[in-house]
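**Q** Mind looking over this structure? Questions follow.
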């Protein structure tokens, strides 16, 4: 049985995105190799650009259910294939989390021991954050009541929604042939740098996921790898509303903004020539 090209593209591309991105967080927390948000963010951005170069010819390089949703609602992507794309994305992200855990497992356990973090107990979001999102960003430390006050659930929802909307808006604008100013051979780099910028701005608030597959699949993995209910309990229903619902709505919103305002403007500009 031949594996479909679109599955290969979505699986491998999402794998690379999570492998590079979450890998940079693992390295930053366990070894201190990356200093500051930007050094982590640029690895995420480069990982996304690399994944797009690899997967675009096979699947269009959605790599994100929010992107798939935006394209299905506004750009004619077959709705019957959308869930299949999401399944491939989830599987790629899950496998990436498992591979990272295999590589960094000892380093993570050492970090937990030195920091007196007990995996699966309250406070172990400090190590679970290497794989999945929490708000506000724990920064490698247990979240305290004072820290939690920095980010409300509604504000976190807004961050993930707006970030996903901007990302999908840029993706659609940079790949539309009607946009004569699109970056063409630099499309993947442009999208990657947009992702880098968004993470640099929003990672201190929500870890800047903007991608339900990137968050949920590793979240499920952490629950199976010893963190138990912690990944699903720390922010209450935020794991669902902030990290799944908000990006999907944001992707649809970003796609709508592009189709309703930008695409007609580009078409009018061409017609006037």
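**Q** From the list 198, 216, 186, 207, which one is surrounded by fewer than 19 Cβ atoms within 10 Å (Cβ to Cβ) and out of contact with any strand residue (DSSP E or B) (no Cβ under 7 Å at 6 or more places or on another chain)?
**A** Values: 198 fails: surrounded by fewer than 19 Cβ atoms within 10 Å (Cβ to Cβ); 216 fails: surrounded by fewer than 19 Cβ atoms within 10 Å (Cβ to Cβ); 207 fails: surrounded by fewer than 19 Cβ atoms within 10 Å (Cβ to Cβ).
None of the other options fit; the residue is 186.
**Q** If you don't mind, there's one more thing I want to ask. Among the candidates 208, 165, single out the residue that is closer than 21 Å to residue 257 by Cβ, at pLDDT 95 or above, within 18 Å of the chain's Cα centre (by Cα) and not in a helix (DSSP H, G or I). Walk me through how you get there before you give the answer.
**A** Working: 165 fails: not in a helix (DSSP H, G or I).
Result of the check over 208, 165: 208.
**Q** Can you name the condition, by its number, that residue 202 falls short on among (1) in contact (Cβ under 8 Å) with a residue 60 or more places away in the chain; (2) closer than 24 Å to residue 144 by Cβ?
**A** Every listed condition holds for residue 202 apart from (1).
Rundown of residues vs (1) under 21 Å from residue 96 (Cβ atoms); (2) modelled with pLDDT of 95 or more; (3) in a helix (DSSP H, G or I), yes/no style:
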position: 192; (1), (2), (3): yes, yes, yes
position: 202; (1), (2), (3): no, yes, yes
position: 225; (1), (2), (3): yes, yes, yes
position: 235; (1), (2), (3): no, yes, no
position: 266; (1), (2), (3): no, no, yes
position: 270; (1), (2), (3): no, no, yes
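**Q** OK, next. Return the only residue of 80, 70, 76 being part of a helix (DSSP H, G or I), under 30 Å from residue 172 (Cα atoms) and more than 21 Å from the chain's Cα centre (by Cα). Walk me through how you get there before you give the answer.
**A** Numbers: 70 fails: more than 21 Å from the chain's Cα centre (by Cα); 76 fails: part of a helix (DSSP H, G or I).
Within the list 80, 70, 76, the selection yields 80.
**Q** Still on this structure, please answer the following. Under the condition of being in a loop (DSSP other than H, G, I, E, B) and under 16 Å from the mean Cα position of the chain (by Cα), which residue from the stretch 94-135 is surrounded by the fewest Cβ atoms within 10 Å (Cβ to Cβ)? Give the derivation first.
**A** We begin by selecting, within the stretch 94-135, every residue in a loop (DSSP other than H, G, I, E, B); these are 115-124, 129-135.
Narrowing further to those that are under 16 Å from the mean Cα position of the chain (by Cα): 129-135.
Values: 129: 23, 130: 26, 131: 29, 132: 28, 133: 29, 134: 25, 135: 26.
The extreme case among them is 129.
The values are calculated or read from the model by the stated rules, or taken from the named source; none is laboratory data. A quick note: this is a predicted structure, and the numbers were derived from the prediction, not measured. Counting neighbours? That spans all protein chains shown, and the Cβs are built from the backbone with ideal geometry, glycine included.
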